[in-house]
Every structure is written in structure tokens, then in C-alpha cells.
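Step one of this worksheet: look at the structure below.
The values are calculated or read from the model by the stated rules, or taken from the named source; none is laboratory data. Model, not experiment: these values are computed from the prediction. Note: ideal-geometry Cβ built from the backbone for every residue, glycine included; neighbour counts use all protein chains shown. Surface accessibility is based on the protein's heavy atoms, side chains included, excluding ligands, DNA and RNA. Shrake-Rupley method; radii C 1.70, N 1.55, O 1.52, S 1.80 Å.
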Amino acid sequence: MARLKVAVLISGRGSNLQVLLDACAQPGFPAKIVRVLSNQPDAYGLERAKRAGVATEVVEHRQFADREAFDAALDAAIRQSGAELVCLAGFMRLLTPGFAEAWDNRLVNIHPSLLPSFKGLHTHRRALEAGVKLHGCTVHFVTPELDDGPIIVQAAVPVLAEDDEDSLASRVLAAEHRIYPLALKLIGEGRVRVDGRVVRITDGADGMASLLNPSG
Ligand code: GRF
């Protein structure tokens, strides 16, 4: 079966990109990364892509007059790569509604909280302040509303009494590194169907395909 062609958009260190690259290097994995794009020329993730032999491209937001022009350039670069799916992996720019609509159901993001809790930035600090006992991460489809699209996979992690922002962030990051490749695998296998706000995972022998609790 043809592998799903994927573009990954990054802005920084690219640890999620790395686990996606590693997954795609496994025999039989149903997706392959055809291009890594960054809005930051010095993003470390670009080195990771080069090491894996994946083509990279920098589209610097600063060189465009406004968001629409930047997003149009991104869109053109992605289409030129032949990608069928776009994965945001630590991409720190808000995309315009037009971009999200153009890639409807073909644009996914990883967010470091159990959505719909803690949309936006500083999720670990806010989780600690709120006193939640479970925190986690979410892979979801992107819609024009921030961090609001249909949820594909989630993982929960415990919040421990001694946690600070860093320790909680690293526990969540380890979970991110498990769920992003899982979500990409499910999409690549054609098992992800969007039904209104709800994602249904089809053909699974196991009903837990979209839920991971790493401490369980
Ligand atoms: C991750 O925590 C991701 O959830 C968030 O940005 C961070 C990116 O980390 N969207 P990395 O660049 O993948 O290491």
C-alpha cells in the first residue's frame, strides 16, 4: 500500500519530529515524511531532518507582510512537496482560518494538555496552578479555533506532589513521543474518521486505540 506523504512543520528543537522520523523509518509504517518546514532558520529540528535524509525548507514568517502572505507561502511549499497530511510539531505560529480550512481533516497538531483543558500556552504551569491530578497531551485535527479540533489520541500522566513545571513537562513530553507516532499510524492506516466533532477509530480490534495512559 502507498505510504501517506507527510509534511512536518516545526519551529524549534523537534523532539516530536524525531519520533515521527523514527516511526517512519520502521518497516511497514504507513506514512513517510516528504518535507520538514520551519519558520525559524536555526530550528534544531532541521538538523534532525537532514540527518534522516528528509528535505527541509525554511519559510521565515518575518519576510512576509502579514499572516495571510506567510500562510500562502507555506501552503505553496507544502503542496509542492506532494504532502497529503500536515503535522504541526512545535510550530509556534498561529495559522489563519483560511489555511486551516484548506487543510481540513488533513492538518494535525500535538498539544501538551488533555484538551479541552488548558488550550493555549504555558499548559504545565496552568495545570499545576489548577491543582489537577491528571494532565497529559492530545493529538487533534486543527480547525480555525485554537486547540479546538477533533481529538485523535490522548495520553494522561499523573501530576505528582513534588512536580514543578520542568518535571511535569518532561513527563508529558515522554507521553507526546508515544502518541504522535500512534496517531500518525492510525491516520496512515486509514482508520481515522471524523464524525462531526468526534474522531472514530475504525477497524480496531481494540477499543482503546486512541487512549494511552503510560502509567497504567
Ligand atoms: C511540545 O510540547 C508540543 O506539544 C508543543 O510544543 C512542544 C514542541 O516540542 N506543541 P518539540 O519541538 O517537538 O521538542
Next on the checklist: Considering only residues that are touching a Leu at 6+ places or on another chain (Cβ under 8 Å), farther than 30 Å from Glu101 by Cα, in contact (Cβ under 8 Å) with a residue 40 or more places away in the chain and hydrophobic (A, V, I, L, M, F, W, C), which ones fall in region 150-206?
Outcome noted: Val157, Leu168
Checklist entry - Is there a residue being at pLDDT 95 or above, open to solvent by less than 20 Å² (accessible area, probe 1.4 Å) and either in a loop (DSSP other than H, G, I, E, B) or more than 22 Å from Lys185 (Cα to Cα) (or both) anywhere in region 60-71? => result yes
Checklist entry - Quick one: would you say Leu9 is buried (at least 18 other Cβ atoms within 10 Å of the Cβ), in contact with a strand residue (DSSP E or B) (Cβ under 6 Å, 6 or more places away or on another chain) and outside any helix (DSSP H, G or I)? => result yes
Next on the checklist: For region 45-53, check the following and say yes or no: at least one residue is touching an Asp or Glu at 6+ places or on another chain (Cβ under 7 Å) and without any contact (Cβ under 8 Å) to a residue 24 or more places away in the chain.
Outcome noted: no
Checklist outcome for this item: Taking region 27-43 and keeping only residues that are open to solvent by 10 Å² or more (accessible area, probe 1.4 Å) and either of a type in the set (A, V, I, L, M, F, W, C) or in contact with a helix residue (DSSP H, G or I) (Cβ under 9 Å, 6 or more places away or on another chain) (or both), one is left with Phe29, Pro30, Lys32, Ile33, Val34, Arg35, Gln40
Item to check | Of all residues making up region 84-102, the number that are open to solvent by less than 10 Å² (accessible area, probe 1.4 Å), more than 14 Å from the ligand (Cβ to nearest atom) and part of a loop (DSSP other than H, G, I, E, B) | outcome: 0
Checklist entry - Applying the selection to region 12-39, what residues are within 12 Å of the ligand (Cβ to nearest atom) and farther than 19 Å from Ala76 by Cβ? => result Gly12, Arg13, Gly14, Ser15, Asn16, Leu17, Gln18, Val19, Leu20, Leu21
Checklist entry - Across region 120-131, what is the total count of residues that are within 12 Å of the ligand (Cβ to nearest atom) and not small (Gly, Ala, Ser)? => result 4
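Residue-by-condition table, conditions (1) in a strand (DSSP E or B); (2) open to solvent by less than 40 Å² (accessible area, probe 1.4 Å); (3) farther than 30 Å from Arg67 by Cα:
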position	(1), (2), (3)
Ser113	no, yes, no
Ser117	no, no, no
Val139	yes, yes, no
Pro181	no, yes, no
Next on the checklist: Going by what's in this entry, would Asp22 be described as open to solvent by 60 Å² or more (accessible area, probe 1.4 Å) and in contact (Cβ under 8 Å) with a residue 40 or more places away in the chain?
Outcome noted: yes
Checklist entry - Can you find even one residue in region 197-206 that is at pLDDT below 95, surrounded by fewer than 18 Cβ atoms within 10 Å (Cβ to Cβ) and part of a strand (DSSP E or B)? => result no
